[in-house]
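Here the structure is laid out as structure tokens; the discussion comes afterwards.
The values are calculated or read from the model by the stated rules, or taken from the named source; none is laboratory data. Nothing here was measured: the structure is a model prediction, and the numbers come from that model. Ideal geometry is used to build each Cβ from the backbone, glycine not excepted, and the neighbour counts take in all protein chains shown. SASA here: full protein model, heavy atoms, side chains in, ligands and nucleic acids out. Shrake-Rupley method; radii C 1.70, N 1.55, O 1.52, S 1.80 Å.
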Amino acid sequence: MSAFNELMAFQRETQALGQIAGRLGWDQETVMPRGAAPQRGEEMAAIEAVLHARRSDPRVAEWLEQAVAPDEAGEAQLREIRRSYERTVKVPADLAKKIAQVTSEAQGKWAAARVDEDVAAFLPVLEEVVALKREEGQALAAGGDVYDAMVEDYEPGMTGAGIAEIFDAMRPGLVELRAKVLDKPAPKGLAGTFDEAAQMKLTRKIARVFGYDMAHGRVDKAVHPFSSGSGLDVRITTRTSGTDPFNCFYSTIHEVGHGAYEQNISRDYLLTPLGSGVSMGVHESQSRIYENQIGRSRAFTGWLFQEMKAAFGDFGIADADAFYAAVNAVHKGYIRTEADELQYNLHIMMRFGLERALMSGDLAVKDLEAAWNDRFEADFGYAVDKPSHGCLQDVHWSVGLFGYFPTYSLGNVYAGCLYQALRRDVPGLDAQLAEGNTEGATGWLKENLQQHGGLRSPRETIVHASGMEPGHAPLLAYLEEKFSLLYDL
């Protein structure tokens with residue numbers, strides 16, 4: 001067997017073990033008994049130790065030295081394996097194991113603190129997580145910027161300075177447009193209560209409408225909606241609210257964007273480094289274009305209006321135009337995942353600044369709540385009312401995902417580019433969406449982006465699909481046109 005084939009066989013087993021670790025995470029957030037958290041922490045640490053040992057196995061370096069790629073995909077496989085190996089060997093095995101154990105336990109403590117509105121109960125374990133992740137970042141950075149090293153995990157090729165440059169360019173236009181919109185009367189909202197079982201029935205129908213393959217996936221409930229897995233087992237979660245079914249439906253569409261990306265990657269790449277989304281920014285481009293440009297479009301909301309009338313009867317909205325306005329209402333609020341399309345990126349910019357300061361040491365964990373509250377009031381104009389609406393609302397920091405938050409906004413930027421190309425290439429798109437048919441849009445995304453998985457770098461992936469360099473201008477133009485028409489600006 002050639003060195004390339006030996007390496008790929010070894011890698012396939014490593015990828016399979018990684019999927020098992022992911023399934024443990026899915027179980028923890030959906031059906032695991034609360035009291036199992038300490039044991040789960042040990043289980044996660046044990047499998048992380050095995051994964052770290054495989055990813056840093058000296059044989060990988062030998063195979064990489066000897067391997068000859070048979071084709072373009074093979075070259076990409078070697079590139080990704082080499083990148084993973086070089087990063088893994090920089091992190092001591094004991095540190096990787098400790099991070100896995102502490103973050104698993106921290107997730108449970110975060111969830112309990114969030115319910116109890118008790119920041120003080122969470123801060124000690126968060127301080128431990130931050131210290132461990134900073135130590136990991138220092139090992140990876142090898143004298144360079146710690147935060148840049150962390151961003152590399154989620155968006156290869158991007159830096160903190162590069163993200164800041166994009167955000168600084170976007171912010172003025174977003175703030176100006178938001179001010180104009182919030183000066184206008186708010187559209188009428190939904191009225192009444194919405195049965196949970198009926199929400200879940202319709203949300204599964206919506207998932208199928210967007211191309212989610214239930215034979216290789218499932219929809220469950222979680223406190224914080226997420227997607228998990230790749231290839232033949234891709235699971236998503238959503239949440240319900242008795243008074244706000246949009247929370248359920250648009251969380252589902254968002255996670256279906258992630259799930260469909262993983263399901264649609266070429267089976268040739270199954271259980272290989274190319275068999276998952278190339279970066280979290282590109283992943284978010286799929287979830288955001290599914291949720292916003294497609295799911296919140298005038299055309300698709302006309303179909304959803306009829307579906308909701310059939311499921312729930314009268315809910316206080318007279319017609320499809322009023323429903324479209326309700327779906328896209330710009331409103332004050334604290335929760336990132338419930339933020340309207342216009343203000344969402346401002347939530348991300350705030351988190352980016354705070355976590356970058358945490359990693360540099362400029363912000364102490366004990367001062368995080370005050371810093372969050374001060375920054376939120378400065379950015380949004382009103383005060384945080386309780387911790388679950390503030391620094392306890394997101395799971396990311398409890399599980400050590402520093403460098404992840406900015407990829408949400410990078411995904412919006414990428415989605416702006418992709419949507420411009422999609423509208424160029426798919427005639428009659430609105431007519432299809434008005435009938436609840438997303439195949440033109442989702443088929444274009446599968447053909448041009450999703451099937452290729454990690455074949456190309458994040459930037460090259462967007463250029464290949466859209467024909468343009470990633471930039472924020474298409475996103476701002478889309479938002480300006482949409483909300484100017486909606487609010488008669």
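The alpha carbon centroids of segment 79-94 and segment 1-74 are separated by 12 Å. When the C-alpha to C-alpha distance is required to be over 24 Å, the pairs from Lys201/Lys309; Lys109/Lys201; Lys184/Lys482 that qualify are Lys109/Lys201.
Counting 0.36 nm for each residue step from Glu439 to Ser484 and taking away their Cα separation leaves a gain of 13.4 nm. Sorted largest first by accessible area at a 1.4 angstrom probe radius, with every protein chain in place, the residues Ser388, Ser360, Ser227 fall in the order Ser360, Ser227, Ser388. Within a Cβ distance under 11 Å of Gly41, other residues only, what is the Lys/Arg minus Asp/Glu net charge? With Lys, Arg at +1 and Asp, Glu at -1, the net is 0.
Principal-axis analysis of the Cα atoms of the chain puts helix 3-30 at an angle of about 50° to the longest axis.
Surface composition of the chain: carbon and sulfur make up 50 percent of the accessible area, probe 1.4 Å. Residues in segment 199-348 average 30 Å² of solvent-accessible surface per residue, probe 1.4 Å, ligands and nucleic acids excluded.
What accessible area per residue, rounded to a whole number of Å², is obtained for segment 363-489 using a probe radius of 1.4 Å?
39 Å²
Among the GluC sites (Glu not before Pro) within segment 72-134, which fall in a DSSP loop and have no more than 15 other Cβ atoms within 10 Å of their own Cβ? Intermediate results must be reported in sequence, preceding the final value.
Details: sites: Glu72, Glu75, Glu80, Glu86, Glu105, Glu117, Glu127, Glu128; in loops: Glu117.
Taking segment 72-134 and a limit of 15 other Cβ atoms within 10 Å, the loop GluC sites (Glu not before Pro) found are Glu117.
The mean sequence separation of alpha-carbon pairs under 8 Å and at least six residues apart, normalised by the residue count of segment 211-350, gives a relative contact order of 16 percent. Take the Cα of Leu17, step 7 Å toward its Cβ, do the same at Ala383, and the gap between the two points is 5.2 nm.
Put the Cα centre of segment 333-371 next to the Cα centre of segment 103-178 and the gap is 9 Å.
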